[in-house]
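S.K.: Please see the structure below; I have some questions.
Just so it is clear, none of the values below were taken in a lab; they were calculated from the coordinates. A quick note: this is a predicted structure, and the numbers were derived from the prediction, not measured. Ideal geometry is used to build each Cβ from the backbone, glycine not excepted, and the neighbour counts take in all protein chains shown.
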Amino acid sequence: MFRSLLLAGALLVAGTLSIVAPMPTAQALDTTPWRLPATPPRCSLQQAESGDVAGCLLAFYADPIDTGWGAPPAPGVGGGWNWNGYTYNDSPALAGWEATQISSNPSEVAGMSPGQLQTHVAAQALFEGFLDEIASNGYRVYGASGYSFRCTSANGGWSCPSGNTGDLSNHAWGLAIDMNAGTNPISGYSGINGQTACATPIRTDLPQWVIQTAERWGLYWGGYGWNNGCSDVTTQRTYVYRDPPHFEFRGTPGQAAAIADFNLRNDPNRVCFEIVDDDGKSVEACNRTGRPEAKWRIPVQLEPPAGAVAAVINLTVTEPSAPGYLTLEDCAPRTGPRETSTISYTTGQTIATMAVVPLAEDGRFCVYRLSEVHSIVDVVAYLGADGERLWFEPAVPTRLTDTRLHGSCTPLLECHDGPVASRERLAVPTSDSVARIANVTVVDGRGPGYVQAGQCDSVGPGHTFSNVNYVNEMARANLAVIEGGDSGACVFTLTEANVIVDELGRLTPDAGYGWRLAPPKRMLDTRECTPAWCDSLPDAGTVIRLDLETENPGAAVAITVTQTQAAGYITVGRCDVLIGVDHPATSNLNHGPGETITNLALVDLDEGEMCIYTKASAHVIIDVQAELVADHTIGLLPITPTRVHDSREHG
């Protein structure tokens, strides 16, 4: 009988355990607050349109409506207005304005999570560039707020149901931010001992270089003072109203684009990637974080053997700035949300899965991401219609190695007294030299670390792939395709860990299953009401019957769990095996509480049906990636695992 198999992917990169380093600073920057500020000369129109506005103050006092920033609804006119005590944000009357003009940060900005900072879509790069730069150079941003549909305080209060858009603050256009108000209070200043108010030190923690950085991004600082503020300490004023947390843009959308482009082109810390846009064209995209941004599609170029139609890969995500997913797809034109996902993740998670990805004629595919995250691809095999193909012959799982047994052995079971030592290569006994598929599990690892599995001459410190990655004492598992050969099978661990190796099936040239490829298809998502499931969060012990609508005997399915309520596992397989069983003897996916994890499984079908057992309460998602068939056309072509893409090394 064809049994369900666990196929989890690699997590960290073998030999590359460090994360992206912080962006270097060009020089040691002074932290002394600039308490007696003096304004620079104003930018000329030529400077503003060139984008090079370092050393000057961009301050064109034109109405935002007249300079191309859009005409917002008149406050208080008509229905649909809700005043929340501070702003009119999210009023029904503003729905169209907010949907077309206002954008939230898709990725982390200066320590702020995605979605926290709202600004005008055409000025977004200025505010985010400024905040990211000062944060990377050592100024701590405790918080910043942008879009706020309200009027200026000069109108007697921020609420202004007057119907006059001229009373609106620049915040209402998303053309201003307030940053670190607690250490930069808004205040009025009078002269002391007969001196001008401009000579009175102000309360601020902002060094001069922070203000100069803002001006290089085209932003005007409110700390210079409103209504005839101070040019320098000699300007004669009896009273000055200063707004040091406030930064705003006073130019045109065209000038904003020019400034953003100039700064990115001349930023020594920028990192550039080749991405594929929605029209299917390769373009350059750059940022300062060094991580591919939300909705970027990064192409991965392979050199497959003749006749290869798909690749079997380990797909890893690391350092995500927000929850999201990756989808493997062709690089053709497309837009909008994806209907399936290859792997899902939560903020800060490092996880992976094995996947099957069809290849274009040029051997290329794209990795789409919903949020900012690094991606890593290791190719472990190809599927093809030519060459010396191997067919998958499933078998009853056979344990080959378990280092936890401390000397308890069987004829095939490797005896090993305790955990595998750091950087040790351990032989795995096999009955013959044929290629095989095995589950490799690591427990009690002294991590972070990784495990490699394969022929003995293809694992070790000089090889840059991984089958299983782990953190301290966390159990993780992954499938390994172990080629046949004379050197024997081995596992290699970076740090001390217990290792378990279970043979799940063999790859032979004569008998077994072939593959049939089709576009990925979502068959189950318990978060939604569908014919397969229309209930609340599945309870612990639930068995879900799922019809994959196929006549083939097996399928390769991606299993995702999310909103897990406790530690548990998922087992998939034939319904006559799982229904009525309290505790299945095998699992396809293990999880902790609150985790989002994806694994690939090969599952035996009964007239197109499979069942899913969940040990703990959790939402379950099933995406079909390929089908297993009796036809011997497309078979497996094993290779030595090869790293083909690591976004941490791009740019």
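S.K.: Can you put 171, 632, 591, 463 in order, fewest other beta carbons within 10 Å first? Provide the component values of the computation, followed by the final result.
M.R.: Numbers: 171 25, 632 15, 591 22, 463 18.
By the 10 Å Cβ count, ascending: 632, 463, 591, 171.
S.K.: Here's something else I'd like to know. Where does the Debye-calculated log10 I(q)/I(0) of segment 284-324 sit at q = 0.19 Å⁻¹, using only Cα point scatterers of equal weight, no solvent?
M.R.: Reported log10 I(q)/I(0), two decimals: -0.80.
S.K.: Another question, if that's okay. With a 10 Å Cβ neighbour count serving as the proxy for reagent exposure, in which order, fewest first, do 560, 530, 335 appear? The partial results should precede the final answer.
M.R.: Working: 560 25, 530 12, 335 8.
Going from sparsest to densest Cβ surroundings: 335, 530, 560.
S.K.: Over all alpha-carbon pairs in the chain, figure out the percentage whose distance exceeds 35 Å.
M.R.: So the portion of pairs separated by more than 35 Å is 51 percent.
S.K.: If amide H atoms are built 1.01 Å from N in the plane of the peptide, which residues on other chains or at least 5 residues away come under 5 Å of the amide H of residue 428?
M.R.: 489, 490, 491
S.K.: Could you sort the peptides 583-589, 180-186 by per-residue average Cβ neighbour count (10 Å cutoff), highest mean leading? Display every interim value, and only then the final one.
M.R.: Values: 583-589: 17.7, 180-186: 16.0.
Result, highest mean Cβ count within 10 Å first: 583-589, 180-186.
S.K.: Say R0 is 51 Å: what FRET efficiency, to the nearest 0.05, do residue 50 and residue 539 get from their beta-carbon distance?
M.R.: Numbers: r = 64 Å, r/R0 = 1.25.
Calculated value: 0.20.
S.K.: Kindly state, as a whole number, the per residue volume in cubic angstrom of the convex hull around the alpha carbon atoms of segment 218-351.
M.R.: 194 Å³
S.K.: To the nearest 0.05, what FRET efficiency results for residue 279 and residue 606 with a Förster distance of 41 Å applied to their C-beta separation?
M.R.: 0.40
S.K.: Let me ask something additional. Which ordering of 491, 210 is given by a fewest-first count of other beta-carbon atoms within 10 Å?
M.R.: So the ranking, lowest neighbour count to highest, is 210, 491.
S.K.: Then there's this: Calculate how many DSSP beta bridges within segment 391-508 are antiparallel, expressed in % of all such bridges and rounded to the nearest 5.
M.R.: Bridges in segment 391-508 that DSSP calls antiparallel: roughly 95 percent.
S.K.: For a quick check: with amide H placed at 1.01 Å from N, whose amide H comes under 5 Å from residue 542's, ignoring anything fewer than 5 positions away on the same chain?
M.R.: Those qualifying (amide H under 5 Å, at least 5 residues apart or on another chain) are 614.
S.K.: Sticking with this one: Looking at the chain, do any whole DSSP H helices span at least 15 angstrom along their long axis by alpha carbon and average 0.0 or above on Kyte-Doolittle, and which?
M.R.: On the way: long enough: 124-136 (18 Å, 0.47); 253-265 (18 Å, 0.10).
Helices meeting the criterion: 124-136, 253-265.
S.K.: What is the extension gain from residue 62 to residue 423, computed as 0.36 nm multiplied by their sequence separation minus the C-alpha to C-alpha distance, in nm to one decimal?
M.R.: So the chain would gain 123.3 nm between residue 62 and residue 423.
S.K.: How long is segment 39-89 along each principal axis, judged by its Cα atoms, biggest number first, in Å?
M.R.: Computed over the Cα atoms, the extents are 44, 22, 15 Å.
S.K.: Going by the alpha-carbon gyration tensor, a ≥ b ≥ c the square roots of its eigenvalues, is segment 45-264 rounded (a/c under 1.5) or, if a/c is not under 1.5, prolate (a/b greater than b/c) versus oblate?
M.R.: Numbers: a/c = 1.57, a/b = 1.21, b/c = 1.29.
Because a/c hits 1.5 or more and a/b fails to exceed b/c, segment 45-264 counts as oblate.
S.K.: Add -39500 (n - 2.57) for each DSSP H run of 4 or more in the chain, then divide by its residues: what number comes out at 222 nm, to the nearest 500 deg cm²/dmol? Kindly include the intermediate steps, with their values, before the conclusion.
M.R.: Numbers: 6 runs with 52 residues, N = 651.
One gets -2000 deg cm²/dmol as the mean residue ellipticity at 222 nm.
S.K.: Restricting things to alpha carbons, find the Rg to Rh ratio for segment 391-508 using the Kirkwood radius for Rh.
M.R.: Expressed as Rg/Rh, it is 0.94.
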